[in-house]
Amino acid sequence: MDIRKENQYNQSMGKYKILSTAGVGSIITTKWGGFIMPLSIDNWKFVEVVSNKIKEILPQALNIPKIQEDCGVELIEDQRFVEFLNIKKGFSQLKCFIAIPHIQLNSYNQIQRKGNPLYEFIKARLGTELGEDMFYIPAINFPQWFISVNSEIKPLNEWRKEWQIRKCNDGKMTYFVPPRDPNKKTSRKIKAEVLHDDIEYGLLKPVPLILICPNGHISDIPWYKFFCASLKHEKMDDDAGFELFGYDCEDCSCGGKHNIKWLNSRNQAESWGTLKCSKCERSVSLAGIMNIKPYCRGERPWVNRENTYERCLSMGQKTKMQVAMVTSNSIYYASGFSSLYIPKDFIPQKSGQLNDEARTALSKVIEKYNAMIARKPGMSKKEFWEKKYNDCDDFIEDANINWQCNLTDIDYENIKNLFLGLMIEEEDNDPVATYRLTEFEVLTDVNDPNRKSKGLEFNEIIIPSSLQPYFKTIKQVNTLSLTNIQLGFGRVNMPTSKLDNNGKIVPPGDEMKAIFDGTPTDIYVLPANQTYGEGLFFAFNMEAIEKWTEEHNLNDHYKCQLDSGALGEFLYEEISLYGRAKFYLLHTFSHVLMKELEFTCGYPTASLSERLYYSDKMCGVLIYTADGAEGSMGGLVWQGQPRLISGIIESAMKRAVNCSSDPLCWENEDSLNKASCFSCTMVSETSCEHQNMGLDRRALIDEEYGFFKNLVAIDRL
């Protein structure tokens, strides 16, 4: 249907995309053909309401279910995940997650609150109604330059003024959306409205080109300045860069500013057309516009406030922007993080290490000490401790009340020793791998092979004799829940971690923009999606892998040369750190098994996902399906029965022997992928954690060195 009023200007979007491809700062194509950009979470009403509620209650202990009921939202509790973000990502005030609300649009494209469980609950409990702003994600028009039916090109604010000056639809802005063209009257009328001008106007056309920056900034091309600079034949494509945003324009020779139009040329299909001033008749071609290199002015339109600019430098020099089409994939790369829910009582306590709650308490102590030395620079850690926390019982009681940390006397001593430097905790060079190691250890715990809770239930199977040389354990995961969040996004290139000279994983820096304005310490709640499902978990026999790797010298076999800045550069550094052959084996096994499960359990591979457990301390994979609804159909877990799983794995290996692209696929040695293509091992990119990189079916079934070669040897005779 047509959008005719402001309250109909809504765009339907799946809630899972809001934290990925359609997240904060992305550009979304709308049903009317224009583009919008979701604003930062500081502008989301339901996030604001919960954050204010938490700040109102602190420092008292929080009752998350009560906050959920009072605010009319769905909150997600995953204490292990919260503590990880508190300590490793700097979200020291984060208390919980808020679920993206589910909402429908009615036949008039308006938000349909009635019937929504949260809306009905609040109305029945408190007698009040949740506003529409508690259900939608606010957004702005972007790009902000538009072309009219008579080819005039102006920014949105100028079109707004013209709409009011001409008194189109009596100058009422509620009829201006999506936005509309004051020059394009149609034959349709706005019915049932008292308007002197009741004509329905056609739509403005958004400009298809924008500027993006490798540090995450985005800007409209300043078309007026571009036109003026082009008239002067300025070298805007100079490799050194060009100051386009600060360019000093001259007035039109006919007086006043140029009145520019965007004219398309049918004779030059390869060109974007021509910009022409309707007053002085001078024109410039848009041929070569993709090559301009203006300096970035650090614009962040998704913040939606004045003075959204920040200094943008790369290697100490001004950053150069590049032109991109609005629909280009390079405009947005989401950087997310997911957590498998693990109940705290499932996590085995390691001697000599801080548990998550003790680590949280230590971070709070450090925070208090830093605040103290800001006032009293000369105070030592020992003096601070003796003054504030020298009594064990008082410390434990305060930690419980103020920080919601349940500590023991041993925790107190460990915290004290670490704070005073009397004990050194093992350095965590890879926080993500360490976080997943906890999951791996719970799933492989020989003392508790079968566990059951509300969010996680699994049981161990008896491994068939044919598979015992390869696997340490196989688990049927009857129930699992995953919490997914987005921390930031990048442009031009996907933001990836890097490996420093000391072998430590360094997360993305300035090239990744946060989904919030401010710092992580300002955040009390993060938006998230929680999905429930089922899965199969496989833990490989590490000793067998090490023997296999050394016997065939496979780590050298999987050496390759990647160009600097290549998409898989960090992945190659990571697998070189933990063992290349092990990764190729693990990742390719995951993919061929997902493809085989498509035949046996009915799930298409696009609905299956992998969660890899890969480091120097673990080698395993969880293959799962999670459709967003609690519970599952059980089809995937059913395949984990001992009488079925050996046949499934053997069939997957035999199927991997042949590919319709052989011999080209089998003999491929390019880049990170070896014997791999979409016909044999590649899956949907939503199912893969590493963009279908690091795959080689020869690692599984090669006659000479394949890890599972004995499972397919009979068929080759």
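Looking only at the range 163-173, filter to residues that are surrounded by fewer than 18 Cβ atoms within 10 Å (Cβ to Cβ) and within 39 Å of the chain's Cα centre (by Cα); which one of those is farthest from residue 209 (Cα to Cα)?
The initial filter retains those residues of the range 163-173 that are surrounded by fewer than 18 Cβ atoms within 10 Å (Cβ to Cβ), namely 164-167, 170-173.
From what's left, within 39 Å of the chain's Cα centre (by Cα): 172-173.
Numbers: 172: 29, 173: 26 Å.
The selected residue is 172.
I'd like to verify a number: residues in the range 643-688 that are surrounded by 15 or more Cβ atoms within 10 Å (Cβ to Cβ) and in contact (Cβ under 8 Å) with a residue 60 or more places away in the chain, how many?
Here the count works out to 20.
Any residue in the range 172-199 that is in a strand (DSSP E or B) sitting within a Cβ distance under 6 Å of a residue that is acidic (Asp, Glu)? List the pairs, counting only those 6 or more apart or interchain.
From residues that are in a strand (DSSP E or B), the pairs are 182/162; 186/200; 188/200; 189/198.
In contact with an Asp or Glu (Cβ under 9 Å, 6 or more places away or on another chain), within 20 Å of residue 409 (Cβ to Cβ) and surrounded by 14 or more Cβ atoms within 10 Å (Cβ to Cβ): is that true of residue 304 in this structure? Show your work before the answer.
Values: in contact with an Asp or Glu (Cβ under 9 Å, 6 or more places away or on another chain): yes; within 20 Å of residue 409 (Cβ to Cβ): no; surrounded by 14 or more Cβ atoms within 10 Å (Cβ to Cβ): yes.
Against the criterion (in contact with an Asp or Glu (Cβ under 9 Å, 6 or more places away or on another chain), within 20 Å of residue 409 (Cβ to Cβ) and surrounded by 14 or more Cβ atoms within 10 Å (Cβ to Cβ)), residue 304 does not qualify.
Give 409, 448 a once-over and let me know the one that is assigned by TED's automatic domain parsing to the domain that holds residue 547, more than 24 Å from residue 700 (Cα to Cα), among the acidic types (Asp, Glu) and exposed (fewer than 15 other Cβ atoms within 10 Å of the Cβ). So that I can check it myself, show each step before the final result.
On the way: 409 fails: assigned by TED's automatic domain parsing to the domain that holds residue 547.
After ruling out the rest, the residue left standing is 448.
Scan 672, 664, 695, 644 and give me the residue that is aliphatic (A, V, I, L, M), at pLDDT 95 or above and over 19 Å from residue 713 (Cβ atoms). Break it down into steps so the answer makes sense when it comes.
Values: 672 fails: at pLDDT 95 or above; 664 fails: at pLDDT 95 or above; 644 fails: at pLDDT 95 or above.
The conditions single out 695.
So is residue 312 at pLDDT below 95, within 25 Å of residue 513 (Cα to Cα) and buried (at least 19 other Cβ atoms within 10 Å of the Cβ) or not?
Working: at pLDDT below 95: yes; within 25 Å of residue 513 (Cα to Cα): yes; buried (at least 19 other Cβ atoms within 10 Å of the Cβ): yes.
Criteria met by residue 312.
Which one of 150, 157, 215 is buried (at least 20 other Cβ atoms within 10 Å of the Cβ), outside any strand (DSSP E or B) and of a type outside the set (Val, Ile, Thr)?
Numbers: 150 fails: buried (at least 20 other Cβ atoms within 10 Å of the Cβ); 157 fails: buried (at least 20 other Cβ atoms within 10 Å of the Cβ).
Of the residues listed, the single one that is buried (at least 20 other Cβ atoms within 10 Å of the Cβ), outside any strand (DSSP E or B) and of a type outside the set (Val, Ile, Thr) is 215.
When residues of the range 379-405 are filtered for being at pLDDT 85 or above, surrounded by fewer than 14 Cβ atoms within 10 Å (Cβ to Cβ) and not in a helix (DSSP H, G or I), how many remain?
Residues in the range 379-405 being at pLDDT 85 or above, surrounded by fewer than 14 Cβ atoms within 10 Å (Cβ to Cβ) and not in a helix (DSSP H, G or I): 3 in total.
Over 23 Å from residue 17 (Cα atoms) and outside the structural domain of residue 20 (by TED's automatic domain parsing): which single residue out of 462, 485, 523 fits that description?
Numbers: 485 fails: over 23 Å from residue 17 (Cα atoms); 523 fails: over 23 Å from residue 17 (Cα atoms).
Being over 23 Å from residue 17 (Cα atoms) and outside the structural domain of residue 20 (by TED's automatic domain parsing) holds for just one of 462, 485, 523, which is 462.
Within the range 43-61, identify whether any single residue is touching a residue at least 60 places away in the same chain (Cβ under 8 Å), touching a Ser or Thr at 6+ places or on another chain (Cβ under 6 Å) and of a type in the set (Val, Ile, Thr), and answer yes or no.
no
Suppose we filter the range 52-68 for residues that are modelled with pLDDT under 90 and in contact with a Lys or Arg (Cβ under 9 Å, 6 or more places away or on another chain); how many remain? Let's see the steps before the verdict.
First, pick out the residues of the range 52-68 that are modelled with pLDDT under 90: 58-62.
Right, trim to in contact with a Lys or Arg (Cβ under 9 Å, 6 or more places away or on another chain) and you get 58, 62.
Of the residues in the range 52-68, 2 are modelled with pLDDT under 90 and in contact with a Lys or Arg (Cβ under 9 Å, 6 or more places away or on another chain).
Kindly check whether there is at least one residue in the range 484-503 that is β-branched (Val, Ile, Thr) and either more than 30 Å from residue 24 (Cα to Cα) or in contact with a Lys or Arg (Cβ under 6 Å, 6 or more places away or on another chain) (or both). I'd like the intermediate steps shown before the answer.
So the first thing to find is which residues in the range 484-503 are β-branched (Val, Ile, Thr), and the list is 485, 492, 496.
Checking the rest, the ones that are also either more than 30 Å from residue 24 (Cα to Cα) or in contact with a Lys or Arg (Cβ under 6 Å, 6 or more places away or on another chain) (or both) come to none.
No, the range 484-503 contains no residue that is β-branched (Val, Ile, Thr) and either more than 30 Å from residue 24 (Cα to Cα) or in contact with a Lys or Arg (Cβ under 6 Å, 6 or more places away or on another chain) (or both).
Quick check: anything in the range 353-361 hydrophobic (A, V, I, L, M, F, W, C), within 21 Å of residue 622 (Cβ to Cβ) and touching a Ser or Thr at 6+ places or on another chain (Cβ under 9 Å)? Break it down stepwise before answering.
Residues of the range 353-361 hydrophobic (A, V, I, L, M, F, W, C): 354, 358, 361.
This time we only want the ones that are within 21 Å of residue 622 (Cβ to Cβ), so: none.
No.
The values are calculated or read from the model by the stated rules, or taken from the named source; none is laboratory data. Note that this is a predicted model, so its numbers are computed, not measured. When we count neighbours, we look across all protein chains shown, and the Cβ atoms used for this are built from the backbone with ideal geometry, even at glycine.
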